[in-house]
Amino acid sequence: MSIQYVDHHQIDPTRWDSAILRSPHPLVYGLFEYLNAVCESQWDALIYKDYEAVFPLPFKKKFGIKYLVQPVFCQQLGAFGSSANVSTPDFLSAIPKRFFRVRLQLNPYFDQKNEVGAVQIKPLGGGASSGKLTTKTNMTIQLSQPLDYNKDCKKNLYRLAELPIEYKINVISIRDAIDTYRKAWGKQNPGIGDEHYQLFANACSDKLSFTVSAHHQTEGTLLGAAIFLITPENANRSLHYVCAGPTEPGKSIGVMHGIIDFVLNRFQGGNILFDFEGSSIVSVASFYKKFGANEEPFLCFNRGF
């Protein structure tokens, strides 16, 4: 198996991104520029042959020892590129033993010919890849298919349509959208601190992200905002709903229904995977299901934690 460990400074950014974009659903999280920002360039990689497939290894250091950990605002990583001759278990087996502690969340698209549970095959039985696999659930909508909102969602959208609300793209800044999110939901995420939001803001370049905000047409009041990450123009694209929240006036009218609907309709019909980024919270998952989102399991690999 021709999988090589490559230090960060030796990675070719152009060939790396080409591998990411060859994936069935290329995720923004795996792109060189985005990873560099959220990891502060602290990531190495496993590369199969001549960038036929790649596997990022985001790390942190403690007492001079590196350990692998999933970056904040980077829901899924794992393997990207072509899976014709290599699999996720092959990459997990190639993680060096010196990384005693590993916590990585793996995208489910690389090994599409297998069921999600098929990643739990022989390579995980021992050696460098011995660890524990758990499952989390993501929520997604394939925008090449017709939108399928439930009755409650349609009812809320009809009500919003009667109000003087205007939806705007890139009118508010990334930082203002983050502030709106933090005021709405920040207390529910105490593990995410100022430094994480700063790194995320740095990662949100013009070519990989945009904001959508809702405003009262006559009063000019901000009602809610969201940041969306999107892969560059490609045969297949992914669109991620990240860091979104209403203001108090917006919360009272359910304005996030309108923001999501605005974006879904703007991109509907394209070969784009809309990614809600979760959720394991029952109430949040129920909200996403109103828009016709499907549950999509993905695996988390833990070793030494």
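Any read-out appearing in this document is the output of simple, stated calculations on the displayed coordinates, not a laboratory observation. Small disclaimer: the values here were computed from a predicted structure and weren't measured. Because the Cβ atoms are built from the backbone with ideal geometry, glycine has one as well, and the counts that use them run over all protein chains shown.
The stretch between ASN85 and HIS9, if pulled fully straight at 0.36 nm per residue, gains 24.8 nm over its current Cα-Cα span.
Only aspartates and glutamates eight or more places from LYS187 in sequence, or on another chain, were considered; those with a Cα closer than 13 Å are ASP179.
Excluding same-chain neighbours fewer than eight residues apart, the aspartates and glutamates reachable from LYS155 by a Cα-Cα span under 15 Å are ASP261. Packing, taken as the mean count of other beta carbons within 10 Å per residue, orders the peptides 227-235, 61-69 from highest to lowest as 227-235, 61-69.
Step through the table entries LYS61/LYS136; LYS154/LYS183; LYS154/LYS251; LYS61/LYS132, compare each Cα-Cα distance with 24 Å, and write down the pairs that go over it. Don't skip to the answer; put the middle values down first.
Details: LYS61/LYS136 26 Å; LYS154/LYS183 27 Å; LYS154/LYS251 17 Å; LYS61/LYS132 22 Å.
Checking Cα-Cα distances, LYS61/LYS136; LYS154/LYS183 exceed 24 Å.
Within the straight-line cut-off of under 16 Å between alpha carbons, the lysines reachable from LYS66 are LYS97, sequence neighbours fewer than 8 places apart in one chain being disregarded.
This ranking places LYS290, LYS155, LYS187 by how few other beta-carbon atoms lie within 10 Å of each, fewest first, which gives LYS187, LYS155, LYS290. Counting only alpha carbon atoms, the long axis of helix 194-203 and the longest principal axis of the chain meet at about 90°. Extension gain, LYS60-ARG175: 0.36 nm per intervening residue step, less the Cα-Cα distance, totals 38.9 nm. As a proxy for reagent exposure, TRP43, TRP185 were ordered by neighbouring Cβ count within 10 angstrom, fewest first; the result is TRP185, TRP43.
Projected label points at GLU33 and ARG266, each 7 Å from Cα along the beta carbon direction, are separated by 1.8 nanometres. Ranking PRO24, GLY270, SER83 by how far each Cα lies toward the positive end of the dipole of the chain (charges on Cβ) leaves SER83 at the top.
Relative contact order for the chain: 24 percent, from Cα pairs under 8 Å spaced at least 6 residues apart, divided by residue count.
Remark: HIS9, HIS216, HIS257 ranked as HIS9, HIS216, HIS257, counting other beta-carbon atoms within 10 Å and listing the fewest first.
Please check: in the Gaussian network model of the chain (C-alpha springs, under 10 Å), which one of GLU195, GLU277, GLU162 has the largest mean-square fluctuation. Comparing GLU195, GLU277, GLU162 in a Gaussian network model of the chain, the most mobile one is GLU162. Only Cα pairs within less than 10 Å get springs; with that Gaussian network setup on the chain, which residue of SER18, SER286, SER41 has the largest fluctuation? Evaluated over the chain, the most mobile residue of the options is SER286. Rounded to the nearest 10 degrees, the angle from helix 174-185 to the longest Cα principal axis of the chain is 80 degrees. Take every Cα pair under 8 Å whose residues are at least 6 apart in sequence, average their separation, divide by the length of segment 128-260, and the relative contact order is 26 percent. With both residues required to sit in segment 142-297, DSSP beta bridges show an antiparallel share near 85%.
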